[in-house]
Structures are given as C-alpha cells and as structure tokens.
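Single-structure report; data block below.
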Amino acid sequence: MEENMERENIILKLEEKLESVTTKNDIAQVKAYFLGYDGVVTKMSMKMKEIPNEEKPRFGKLLNEIKNEVVARLDKITLEMEEKELNEKLEKDSIDITLPGRKIKRGSLHPMTRIEEEFEDLFVSMGYQVYTGPEIESDENCFQKLNIPKSHPARDAQDTFYLKDEFEKFLLRSQTSTAQARAMEENKEKGPIRIVCPGKVYRRDEDATHSHQFMQIEGLVIDEGVSMADLKGTLELFCKHILGEKTKVRFRPSFFPFTEPSVEVDVTCFKCGGSGCSLCKNTGWIEVLGAGMVHPNVLEMGGYDSKKYQGFAFGTGMDRFAMFKYNIPDIRTIYGNDIKFLEQFDRKDVD
Ligand code: PHE
C-alpha cells in the first residue's frame, strides 16, 4: 500500500516536472532526477536490501513498472518534441510554389546568321548550291587565278594578312571570289556552275564601317549563253527581295580584274527612299554589290573554254546589308559579342 503511494507520487512528480520541459536538455535533467545515480527511482531500488525475501519479487516488479513508466513517458515527450521541431523547421523552410520560376534566357540567331540564311534561301530557291571554301587561301586562288598577277595594283585595295615562313604562300582570303577559282578547278567536267559562297574575309582595315574581318557572299554562274541580262535580272531580284519591292536598282560601269565588263550595283537609299539623306550622302543611292561577266582569262585559267562558256559573278558584303537592315551604325559591334547588342535581335525571355 505504502509502495503504491510512492509509485503515485513518483508519477505525479514526473508529470509535474514534464510540464515545464522545453528542450531536450530539460528532458535529460528530468531523466537524471528519476533514473540517474542519485535519482528518485534509483534510491528506491536501494531499499531492496531492506525488504524481506518473500516480498522481494513483488517489490522488484513494482520497481520495474515504475522505471518502465518513467522511461516511456520520457520517450513520448522526446518524440513529441522532435516532431514539433521538425514541423517548425518544415514550416520555416517551406517552398512557396506560387512564386514565379526563374526566367530562362534564350538566345537567338546572330544578325549575320540571319542575313546569311536569308541570302542562301533565296539563291537555293533559284537553283544555286551553297559552296564554302577555306579562309586560309593560296595567293593563286585569291589573286592570280582571278586575273590579278603579282604586283598588280588591284592588290592594294585588298591588302590582307599573310602567313609566315614555310606557309608564306598562304594568306587570309580578302574576298570570297576565291570560290570562283576553286569551283571551276573542282568541276572536272567543266560543265555549268551555279553557286553562292558565303563566308568570312579579311583585310587590313579597321574603322566604323570597315572591320579587319567581315562577311561576303559570292555568286557564280557559268553556262552556255549566259549574258549581262541574266546578271541584271538576278541582282535586281536579289536586291528587291532583301531590301523591299520598292527598291530601285542601278548598274554603273566599274572595274574588277576578274570580270569584263564590270559593274557596281547601287540601290535606292533604304533610309530616305531616294530623296537624299546623311546615310546616302544626299545622293539617294547606296552602293551594295560588285559584279560583272566572268573575264575570259579567268574562265581559261579555270579550264573552261571561253568561246563556249560565259558566266557572271557578283560579290557583296553581308555586313553592310545587316547594318542597313538592322540599323547598326558601327560594323565592329557585329563582331564584339556584346550581349546587350545581341539581345536586341529577337532575344526573348521565356515566360
Ligand atoms: N570580290 C569583289 C570585292 O571584294 C566583288 C566582286 C565579286 C566583283 C564578283 C565582281 C564579281 O570587291
């Protein structure tokens, strides 16, 4: 009876102590209070020796029950505390799924790639093939086979970068007209050719409208019975397609060593439409292409019979078209890789 009282008291005391615990450390202290070296329950078990033998099993059982109950209650409160801590942490760290996600930056085609594809699409639709050649070229393909022998003054306007030592025969091509020499040589049957060759070219230039590296596109058509009328029709169609149907096109006599006759092609100013402005220097016209009938010497050097075959060729700077089309004042920005510049060309954030 007396022992039962003791048991009740212990449990009451335990409940009282547990009411004020807030941390795991508090629990540890409560545990020590009951089960520690000097603990209430430990002390009670000391009494075992004073108990008469026949009472010992009962007393032992009671002791165990008390111990178990204390342990169970401590475990329970520990578990509750851990659960509470976890819930608080989850609440604090919770993810707000209603927040908008981070926007993904999406790139877009470089203005030069767009222009190049636009040009290619047009010419492919007219039956041309896209032909590419190397940027490191021989002097022969860049000049000699285009009727520009060594020390010809026409080289001055196309001074470029030359390789050194054992590669001194090579240079960075100054014009995509190199494609003329290559395409004719590669065409073993010496039959018709219809190609456009887009690509990078190099010159010793550098200012707002000239870059040491820029992009040209070359066109070459070789066949029987090709005339200046074909050249004019093709280039007129080309200019109107790229710059708009209202564009007027005019042909001026000019000189290129590899074409005869040669022309320069002007279009009505994209900005003022021909009335005169700062862009066209008040002339109403802007020069966009060099062209002409392939010189018989060039045909012969390419292995073609110039009595049987004729051809026309044209070349233009794609950067100039990009500058006009996208209103880019400085050519150097095209090659600067500045994201702020490039972002203007249809670079959109995905929502
Ligand atoms: N290659 C010439 C240039 O770079 C342009 C051109 C090409 C002229 C084809 C005539 C025929 O200036």
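Here are a few things to note about the model shown:
- Tallying residues that are open to solvent by 60 Å² or more (accessible area, probe 1.4 Å) and under 16 Å from Asp75 (Cα atoms) within the stretch 24-40 yields 5.
- Selection status of Gly290, in contact (Cβ under 8 Å) with a residue 60 or more places away in the chain, closer than 21 Å to Arg194 by Cβ and out of contact with any His (no Cβ under 7 Å at 6 or more places or on another chain): no
- Only residues that are open to solvent by 60 Å² or more (accessible area, probe 1.4 Å) and either in contact with a strand residue (DSSP E or B) (Cβ under 6 Å, 6 or more places away or on another chain) or within 13 Å of the ligand (Cβ to nearest atom) (or both) were counted in the stretch 253-270, giving 4.
- Selection within the stretch 107-162 - part of a loop (DSSP other than H, G, I, E, B), touching a Phe, Trp or Tyr at 6+ places or on another chain (Cβ under 6 Å) and hydrophobic (A, V, I, L, M, F, W, C): Phe161
- Residue within the stretch 243-259 that is part of a loop (DSSP other than H, G, I, E, B), at pLDDT 85 or above and among the β-branched types (Val, Ile, Thr) present: yes
- Matching residues, the stretch 180-230, being charged (D, E, K, R) and touching a Lys or Arg at 6+ places or on another chain (Cβ under 7 Å): Glu224
- Thr247 vs. criteria in contact with a strand residue (DSSP E or B) (Cβ under 7 Å, 6 or more places away or on another chain), farther than 24 Å from Gln175 by Cα and surrounded by 15 or more Cβ atoms within 10 Å (Cβ to Cβ): yes
- Among (1) more than 21 Å from Val124 (Cβ to Cβ); (2) modelled with pLDDT of 95 or more, the one test that Gln213 misses: (2)
- Residues of the stretch 136-179 classified as over 37 Å from the mean Cα position of the chain (by Cα), free of Cβ contacts under 8 Å to residues at least 60 places away in the same chain and within 14 Å of the ligand (Cβ to nearest atom), total: 2
- Yes/no for Leu235 being in contact (Cβ under 8 Å) with a residue 12 or more places away in the chain, farther than 28 Å from Arg114 by Cβ and in a helix (DSSP H, G or I): no
- Filter pass, Arg106 being open to solvent by 100 Å² or more (accessible area, probe 1.4 Å) and within 30 Å of Thr333 (Cβ to Cβ): yes
- Yes/no for Arg182 being touching a residue at least 40 places away in the same chain (Cβ under 8 Å), open to solvent by 50 Å² or more (accessible area, probe 1.4 Å) and closer than 30 Å to His110 by Cβ: yes
- Filter result for Tyr202 (under 37 Å from the mean Cα position of the chain (by Cα), in contact (Cβ under 8 Å) with a residue 40 or more places away in the chain and away from the ligand (no atom under 14 Å from the Cβ)): no
- In the set Ser45, Ser20, only one residue is surrounded by fewer than 10 Cβ atoms within 10 Å (Cβ to Cβ) and more than 60 Å from the chain's Cα centre (by Cα); that residue is Ser20.
- Among the residues of the stretch 214-229, those identified as within 14 Å of the ligand (Cβ to nearest atom), open to solvent by 20 Å² or more (accessible area, probe 1.4 Å) and not aliphatic (A, V, I, L, M) are Phe214, Gln216.
- Odd one out for Ser94, checked against (1) over 21 Å from Met318 (Cβ atoms); (2) in a helix (DSSP H, G or I): (2)
- Val298 vs. criteria within 14 Å of the ligand (Cβ to nearest atom), in contact (Cβ under 8 Å) with a residue 40 or more places away in the chain and closer than 23 Å to Pro149 by Cβ: yes
Results for (1) within 22 Å of Gly219 (Cβ to Cβ); (2) not aromatic (Phe, Trp, Tyr), shown as yes or no for each residue.
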residue: Pro253; (1), (2): yes, yes
residue: Ile286; (1), (2): yes, yes
residue: Gly292; (1), (2): yes, yes
residue: Lys307; (1), (2): no, yes
residue: Tyr326; (1), (2): no, no
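The values are calculated or read from the model by the stated rules, or taken from the named source; none is laboratory data. Keep in mind it's a predicted model, so treat the numbers as computed, not measured. Glycine also receives a Cβ, built like all others from the backbone with ideal geometry; neighbour counts cover every protein chain displayed. Heavy atoms of the whole protein, side chains included, go into the accessibility calculation; ligands, DNA and RNA do not. Shrake-Rupley method; radii C 1.70, N 1.55, O 1.52, S 1.80 Å.
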